[in-house]
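Engineer: Pasting in a structure now, in structure tokens, and then I'll have a few things to ask.
The values are calculated or read from the model by the stated rules, or taken from the named source; none is laboratory data. Note that this is a predicted model, so its numbers are computed, not measured. Neighbour counts are summed over all protein chains in view; Cβ atoms, including those assigned to glycine, are modelled from backbone coordinates with ideal geometry. Side chains included, ligands, DNA and RNA excluded: accessible areas come from the protein's heavy atoms. Shrake-Rupley method; radii C 1.70, N 1.55, O 1.52, S 1.80 Å.
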Amino acid sequence: MDTSLAAAAVTAEASAPAAASTEPSAAPDASPAASSSSAAAAGAEDLAGGVASLSLDERFDLLMSIGEECIQPDELKRLLQNKPVPICYDGFEPSGRMHIAQGVVKAINVNKMIRAGCKVKIWIADWFAQLNNKMGGDLKKIQTVGRYMIEIWKAAGMNLDGVEFLWSSEEINRRANEYWPLVMDIGRKNNIKRITRCCTIMGRSDNEELTAAQIFYPCMQCADIFFLKADICQLGMDQRKVNMLAREYCDDIKRKNKPIILSHHMLPGFKEGQEKMSKSDPTSAIFMEDDEAQVNLKIKQAFCPPKIVDKNPCLEYIQYIVFPWFDKFEVVRKENNGGNKTFLTMDELVADYEAGDLHPADVKPALAKAINEILKPVRDHFNSSSEAKILLNTVKWVNIFP
């Protein structure tokens with residue numbers, strides 16, 4: 001297939017009716033959580049009917065609540081007006097431990113997208129993890145982590161009715177004649193300098209020495225957006241550069257309908273000045289398999305300066321995890337310290353914190369209690385399900401986790 005034909009196909013798709021979804025098959029030795037997405041894909045067809053329960057403005061506001069940045073809001077509203085079930089794309093490298101932002105925040109965001117009437121395609125980027133030399137490039141280990149992560153989302157309450165899990169290695173092989181000409185065309189239309197600027201999406205600095213495989217990575221991730229027929233790219237702010245590359249590619253091929261970028265906030269690490277959680281630093285974040293004592297200790301040791309809200313990781317956990325989950329934040333304290341209080345909005349909490357009426361010693365135990373409550377179903381699932389327990393033990397046995 002000529003690369004010019006690939007560009008023409010992408011342009012044509014923008015104006016063509018959405019194609020019927022195909023059910024994903026599971027990756028080799030996939031767990032029931034992965035294969036259950038096949039049934040979920042069929043259920044996604046009923047999403048259009050559920051949209052009637054929300055107004056256009058309510059759907060728009062729900063999606064906008066996910067993003068720290070939206071490019072562009074007017075395009076998002078027009079999409080919701082014109083397409084009953086937009087396709088949202090999210091993806092992840094199975095690259096080790098799952099921190100709470102990837103586990104819980106993703107579940108919150110996916111559930112919002114589904115409530116807004118979207119179908120969510122989650123791209124399990126196993127080949128990308130191999131390209132990025134995760135797990136030493138061992139594809140079997142990478143796929144084991146992928147299945148483990150799906151099992152966590154299942155236990156964490158992600159609504160799988162509107163979710164389709166797709167393994168990149170499987171889908172690319174199945175439709176190679178569509179995928180690779182598209183990757184090549186994106187590569188042809190961009191120089192090395194533009195592509196290396198995108199390499200921060202892999203957790204690499206743009207001046208870091210990269211392998212040829214890693215140079216290839218941004219072209220492939222850009223192609224994924226069109227390959228999956230995505231209307232909305234719902235990824236973190238750290239993926240913004242490659243999403244913008246996809247919009248620029250639309251200009252190159254004269255495609256009118258560009259993918260909308262809905263970038264969520266990146267939670268900081270627990271240490272002062274740590275802008276992002278790090279899987280390589282176990283003390284920087286809560287991980288989904290942390291036990292209650294580990295959660296309590298990490299939050300107790302976290303940076304949480306009195307009266308300072310900006311760049312305070314404990315308050316960000318409350319804003320982006322606790323409030324979306326519980327719609328409140330409950331503080332238990334002695335009467336002489338102000339007594340118990342339930343905060344119903346983040347603004348109310350911020351006002352008390354800045355005034356000194358809410359102290360870090362009040363915040364930390366309450367935050368630890370809330371996080372442990374959120375993680376309890378995940379712990380229970382891996383303790384009670386024999387299949388989940390086997391998967392967890394397999395992950396530990398192959399030395400994927402420290």
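Engineer: Where a Cα-Cα gap under 14 Å defines reach, which aspartates and glutamates qualify for Lys276, not counting those fewer than 8 residues away within the same chain?
Structural biologist: In chain and number order, the partners are Asp238, Glu316.
Engineer: Give the lysines whose C-alpha is closer than 23 Å to that of Lys389, dropping any in the same chain fewer than 8 places away, or say none.
Structural biologist: Lys106, Lys140, Lys141, Lys154, Lys279, Lys376
Engineer: With the other protein chains left in place, how much accessible area per residue, in square angstrom, belongs to the stretch 52-264 at a 1.4 angstrom probe?
Structural biologist: 36
Engineer: If you don't mind, another one. What is the sum of charges, Lys and Arg at +1 and Asp and Glu at -1, for the other residues whose Cβ falls under 13 Å from the Cβ of Gln319?
Structural biologist: -4
Engineer: Moving on. Once the cut-off is 18 Å, how many percent of the Cα-Cα pairs in the stretch 292-400 end up in the long-distance tail?
Structural biologist: Roughly 55 percent, rounded to a whole number.
Engineer: On to the next question. Could you give the dipole magnitude of the stretch 337-402 about its Cα centre, charging the beta-carbon of Lys and Arg +1 and that of Asp and Glu -1, in debye to the nearest 20?
Structural biologist: The dipole magnitude comes to about 560 debye.
Engineer: Rg and Dmax in Å for the stretch 52-264, alpha carbons only: what are they?
Structural biologist: Final numbers for Rg and Dmax: 16.7, 51 Å.
Engineer: In whole Hz and in residue order, list the ³J(HN,Hα) couplings for the stretch 289-303 that follow from phi through the Karplus curve 6.51 cos²θ - 1.76 cosθ + 1.60, θ = phi - 60°; x for Gly and Pro.
Structural biologist: For the stretch 289-303, the Karplus curve yields 9, 4, 8, 4, 5, 5, 4, 4, 5, 4, 6, 4, 8, 5, 5 Hz.
Engineer: With a 1.4 Å probe and all protein chains left in place, how much of the accessible area of the stretch 292-400 comes from carbon and sulfur atoms, in whole percent? The partial results should precede the final answer.
Structural biologist: Working: 3120 of 6110 Å².
The computed percentage sits at 51.
Engineer: Further question on the same structure: Can you give the % of DSSP beta bridges in the stretch 52-264 that are antiparallel, to the nearest 5?
Structural biologist: 15
Engineer: Find, among the trypsin sites (Lys or Arg not before Pro) in the stretch 289-380, those assigned to loop by DSSP (not H, G, I, E, B) with at most 14 other beta-carbon atoms within 10 angstrom.
Structural biologist: Counting only loop positions with at most 14 other Cβ atoms within 10 Å, the trypsin sites (Lys or Arg not before Pro) in the stretch 289-380 are Lys307, Lys311, Lys328, Lys334.
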